[in-house]
Amino acid sequence: MANAMWVPRSLKRDGPRYLAIADAIQQDVASGRLGAGAQLPPQRELADRLGLDFTTISRAYSEARRRGLVVGHVGRGTFVRPPAESHAHAEAIGPGGVIDLTANVPVQRVVVAAGDAMARTLPKIPADALHRLFGYGRNAGSDSHRAAGADWIARHDVPATPERIAITNGAQHGLAVILMALLRPGDIIAAESLNYSGLKGVADLLGARIEGIAGDEQGIIPDALRAACARPRDGGRIKIVVCAPTIHNPTGSVMPTSRRQEIAAIAREHDLTLVEDDTYGLLVRSAPRPLASLAPERSYYIAGLSKGVAPGLRIAYVLAPTSTDVARLADAIRLTTWMAVPLMAEVAARWIGDGTADRILDINRQATAERQTLARAMLSRWRIRSHPEAFHLWLELPAPWTGAQLALDARQRGVLVTPAEAFAVGGATAPAAVRVSLCSPADMPALEQALGVIGRLLDLGPGTGIAML
Ligand SMILES: Cc1ncc(COP(=O)(O)O)c(C=O)c1O
């Protein structure tokens, strides 16, 4: 956000505009997009930028002040308030400052295991191989690296051949290059209406429209997808469905086989391309077969190593329907990064081959399961959706909470969670919920402390943040 003028990402369509802007400020403060001390734009500039009148912005800022989100300094402007200082706040703060439950990262033990493995692997790579790895390589990756990718993807229960694989710098890059290669003017992306923000971000950058499709605890709802595909439109059509059937981010849902079969059938009926982001898939020991094995002729499948093995590897394997499709992906890779970092692709291939990747994955699953067990026990009185091997859980809030309010109150107690509002796509109304990421706190006591704060806040009700001890 540095130096960039803050503007709301999206505004609720119903109700007064000034309240919609105040809500957007609240959401961005809660999610950290607007950090403590950040300056809001001068009222007139924001009014011009949004095409609204000055009074609307002025009322929005007054409302944000009334909610305790911002403070105004005459002659200097309006600034985001720092979290409240109090005894209870100090209690919730971990050694590194706040306790962050907003990041879907593996536990520190996994990253340490990966770092240690790297220190052992690098000296084993012969000099002539290193010389090759430090030159330019092929855009989709070398044959041996793609063969390792095929091996890895086969473990996800998807038959794969190296010619159908392109290597990208992580799953997010994979998603971006697939959409760059596939999207044509007027194409609409269908995706669950609560979704990973990286999908929204890349669709926005590419100027593509996402249509939010309702989901439930089993993922995207087939009838809702069918109805969206059949809806008459002035221009464009739904062409691509992006989904994460095994541990959806943020709701944690896992799509059962019958629903996967239905989604594959709808894709055939409406000639859709499926983009299956299986970033979390290998964390789950017994996941149903991916969509890519049910409809291989129309599926792009992303198997990333970031969540299961190490985010810093920045390696993901993308399986395309045919080798011709890989050529299109290779163009998008060339235009974005030329090629995934060859040294990292080499390390990933060695780790897949020598069992290191499996060993780290096991450490990861075990640590993640411990955290899920703790969280389920501590939040058992509340409605949560999660999976024992997921990094996050979805906490549905009782009335009158909203996700943004809980995120704000928790932040004042030194705990960060992500409100549902941050995941709503295509103008969807966010339910009262937050995503709680369990693996980012440094240790179990820090997680326990943070979950304790959330539980106590829920007991006390909204707006009680400062008073809570
Ligand atoms: C659903 C989903 N896809 C992709 C990514 C990004 O993965 P990578 O780090 O491999 O780019 C994330 C990270 O949070 C994610 O949740």
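Looking at 201, 174, 149, which one is free of Cβ contacts under 8 Å to residues at least 24 places away in the same chain, within 16 Å of the ligand (Cβ to nearest atom) and not in a loop (DSSP other than H, G, I, E, B)? None of the others qualify; the one that does is 201. Residues in the stretch 302-329 that are polar (S, T, N, Q) and more than 10 Å from the ligand (Cβ to nearest atom) were compared, and the one that is nearest to residue 158 (Cα to Cα) is 322.
When you look at residue 254, is it buried (at least 21 other Cβ atoms within 10 Å of the Cβ), over 21 Å from residue 386 (Cα atoms) and within 16 Å of the ligand (Cβ to nearest atom), yes or no? No. Being surrounded by fewer than 24 Cβ atoms within 10 Å (Cβ to Cβ), of a type in the set (Gly, Ala, Ser), more than 18 Å from the chain's Cα centre (by Cα) and within 16 Å of the ligand (Cβ to nearest atom) is a property that holds for residue 332.
Among the residues of the stretch 120-142, those identified as part of a helix (DSSP H, G or I) and touching a helix residue (DSSP H, G or I) at 6+ places or on another chain (Cβ under 6 Å) are 121, 133.
The helices (runs of 4 or more DSSP H) located wholly in the stretch 1-119 that include 3 or more residues which are at pLDDT below 90 occupy 17-31, 54-66, 87-92. Among residues that are of a type in the set (Asp, Glu), at negative phi and part of a helix (DSSP H, G or I), residue 262 is included. When restricted to residues that are assigned to a helix (DSSP H, G or I) and buried (at least 23 other Cβ atoms within 10 Å of the Cβ), the stretch 372-404 contains 3.
Applying the criterion of being modelled with pLDDT of 95 or more and in a strand (DSSP E or B) to the residues of the stretch 230-251, the residue that is surrounded by the fewest Cβ atoms within 10 Å (Cβ to Cβ) is 239. For the stretch 411-426, the criterion of being more than 11 Å from residue 101 (Cα to Cα), outside any helix (DSSP H, G or I) and of a type in the set (S, T, N, Q) is satisfied by no residue at all.
Regarding the stretch 156-171, can at least one residue be identified that is among the aliphatic types (A, V, I, L, M) and free of Cβ contacts under 8 Å to residues at least 60 places away in the same chain? There is no residue in the stretch 156-171 that is among the aliphatic types (A, V, I, L, M) and free of Cβ contacts under 8 Å to residues at least 60 places away in the same chain. Among the criteria (1) farther than 29 Å from residue 146 by Cβ; (2) among the charged types (D, E, K, R); (3) without any contact (Cβ under 8 Å) to a residue 40 or more places away in the chain, the one residue 358 does not fulfil is (1).
Find all pairs meeting these conditions: Cβ atoms under 9 angstrom apart; at least six residues apart or on different chains; first residue within the stretch 301-325 and surrounded by fewer than 24 Cβ atoms within 10 Å (Cβ to Cβ); second residue of a type in the set (Asp, Glu) and not in a loop (DSSP other than H, G, I, E, B). Partner pairs satisfying both residue conditions: 321/297; 322/163; 322/297; 323/163. One residue alone among 296, 288 is under 24 Å from residue 390 (Cα atoms), more than 15 Å from the ligand (Cβ to nearest atom) and either surrounded by fewer than 22 Cβ atoms within 10 Å (Cβ to Cβ) or among the basic types (Lys, Arg) (or both), and that residue is 288.
When we screen 375, 340 for residues that are small (Gly, Ala, Ser) and within 15 Å of residue 142 (Cα to Cα), the only hit is 340. In the stretch 411-436, the residues that are of a type in the set (Asp, Glu) form Cβ pairs under 9 Å with partners that are surrounded by fewer than 24 Cβ atoms within 10 Å (Cβ to Cβ), at six or more places apart or across chains, as follows: 421/23; 421/24; 421/31; 421/402; 421/430.
Do we have residue 348 as within 26 Å of residue 104 (Cβ to Cβ) and part of a loop (DSSP other than H, G, I, E, B) here? No, not satisfied.
Here is the figure for the stretch 265-285: residues that are out of contact with any helix residue (DSSP H, G or I) (no Cβ under 6 Å at 6 or more places or on another chain) and in a loop (DSSP other than H, G, I, E, B) total 6.
Exactly one residue among 227, 267, 191 is more than 16 Å from the ligand (Cβ to nearest atom), surrounded by 21 or more Cβ atoms within 10 Å (Cβ to Cβ) and not acidic (Asp, Glu), and that residue is 267. Set side by side, the residues 213, 220 differ, and just one is farther than 21 Å from residue 316 by Cα, touching an Asp or Glu at 6+ places or on another chain (Cβ under 9 Å) and within 14 Å of the ligand (Cβ to nearest atom), which is 220.
When the residues of the stretch 159-171 are filtered to those that are modelled with pLDDT of 95 or more, away from the ligand (no atom under 11 Å from the Cβ) and not aliphatic (A, V, I, L, M), the one that is surrounded by the fewest Cβ atoms within 10 Å (Cβ to Cβ) is 161.
The values are calculated or read from the model by the stated rules, or taken from the named source; none is laboratory data. For clarity, every value in this text was computed on a predicted model and none was experimentally measured. Because the Cβ atoms are built from the backbone with ideal geometry, glycine has one as well, and the counts that use them run over all protein chains shown.
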